[in-house]
Amino acid sequence: MRASADWARELGIPTAAVELYRASDVIDLHVDSFIWQRTFGYDLTKRHRAPLWGAFLGQVDFPRIREAEISGATWVITTNPLREPADRARAFESNLEELCRTLSRVPDEFQVVTNAHEYDAARAAGKHAAFLGIQGGNALDLSLSELARLCDGRVLRITLVHLSSSRIGSTSSPMRLTDTGLSAFGSQMVELLNERKVLVDLAHISARGFWSACDAHAKDTPFVVTHTGVSGVYRHWRNLDDDQIRAVAKSGGVVGIMYHAPFLGDRPWAGRVETIARHIAHVLRVGGEETPALGSDWDGSIITPRDMPTCLELPRLVAALANLNIEERVIQKILGRNFLRVVRDVRG
């Protein structure tokens, strides 16, 4: 393990920022790298160089996750909306097994976990704790019984909709024709996910759908928005407004801030890590210190900041948060403790 001073010197940040980072649980709520393994054969177990200055893909792999000392992450399976419902369910089932097999290829370094207790055990063994998630609930929208069958205990969370509307509800994407909100089936889906202790993720859903999901959601259970920006810093169709942040905070959930520069207000290939810090700080001001979290969307076709193109530069975000006069104990909550609290509340 390299010395903290050496790592800090490489990144051009204070040694104290690296030491705080290393003393923290560092958990990312949304890593999309598995999609490239499925489509192009990208081997997550091998170290890669990031093409195109880190844009779109190549931002993480298992060796670099370990080098960056990221203690946990939610590794997601993204749904292809063009498949028929039954095909989507079969594809999800196959992809879930493939992702688990891939993680099992490095058993001394990675461990699939389903709750905070298992996370603690993985960390005590020196392993990266891999939570599993679904992006696009239409992977399992064939029927509620099929959802109950396939959404087994390994799946921690489901992002209800993605970049296209579905039987579940409307996306926030401008590509939608109308905003019909959350359907009756979508409301039933939320209720079933609550019963099965699967976190409901409201990233990507339309504003109308967001509020309908809030109404359908159990009032004693937190929900999350795993990867987003905030309109209080930069107004964008992809970002949450302050009322939505307050609703997540009221539920006891968290808002994970993503790293896609254009959604955060920077020009492509000109983003800065300070912009991510400003979005996090806004969630902190509006939702309180229990609400902000990290939700990179690494390898989700994003364009990362130029000074944080891959996971290896993540301690720079700690330095940027410290430069905003955010206390060390609050930075540790942002890095991982807030999300762990949510997982512990829902799953134990």
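Between the stretch 280-323 and the stretch 104-143, the C-alpha centres lie 21 angstrom from each other.
For the stretch 156-247, the C-alpha radius of gyration divided by 2.2 N^0.38 Å, with N the number of residues, is 1.00.
Largest first, the extents of the alpha carbon coordinates of the stretch 182-330 on the three principal axes equal 44, 32, 26 Å.
Here the average projected area of the convex hull drawn through the C-alpha atoms of the stretch 63-151 stands at 6.2 nm².
If each residue's Cβ is checked for other Cβ atoms within 10 Å, how do D266, D6 rank with the fewest at the top?
Values: D266 19, D6 11.
Least crowded to most crowded, the residues run D6, D266.
With viscosity 1.002 mPa s and temperature 20 °C, the Kirkwood radius over alpha carbon pairs of the chain converts through Stokes-Einstein to a diffusion coefficient of 108 µm²/s. By the count of other C-beta atoms within 10 Å, a proxy for reagent exposure, F185, F110 are ordered fewest to most as F185, F110.
Its relative contact order, with pairs defined as Cα atoms under 8 Å and 6+ residues apart, puts the chain at 20 percent.
Near A121, once Lys and Arg are set to +1 and Asp and Glu to -1 for all other residues with Cβ below 15 Å from its Cβ, the sum equals -1. Fewest neighbouring Cβ atoms within 10 Å first, the residues M308, M258, M1, M175 line up as M1, M175, M308, M258.
Between amide H atoms placed 1.01 Å from N, distances below 5 Å from H227 occur with A203, G256, all of them 5 or more places distant or on a separate chain.
Summing +1 for each Lys or Arg and -1 for each Asp or Glu, what net charge is found among the other residues whose Cβ lies under 10 Å from the Cβ of Q135?
Working: positive: R157; negative: D32, D201, D297.
Value of the local net charge: -2.
Suppose R0 equals 22 Å; then what is the FRET efficiency for W269 and R49 from their Cβ-Cβ distance, rounded to the nearest 0.05? It would help to have the intermediate numbers written out before the result.
Numbers: r = 17 Å, r/R0 = 0.78.
Rounded to the nearest 0.05, the efficiency is 0.80.
Once you have a ≥ b ≥ c as the square roots of the Cα gyration tensor eigenvalues for the stretch 73-221, tell me rounded if a/c is under 1.5, and otherwise prolate or oblate according to whether a/b is larger than b/c.
Working: a/c = 2.08, a/b = 1.63, b/c = 1.27.
The shape class here is prolate.
Lysine pairs in the chain whose alpha-carbon atoms fall under 18 angstrom of each other, counting only those eight or more residues apart or on distinct chains, come to 4.
Only the coordinates and a few stated rules stand behind these numbers; no lab work does. These numbers come from a predicted model, not from an experiment. We place every Cβ from the backbone using ideal geometry, glycine too, and count neighbours over all the protein chains shown.
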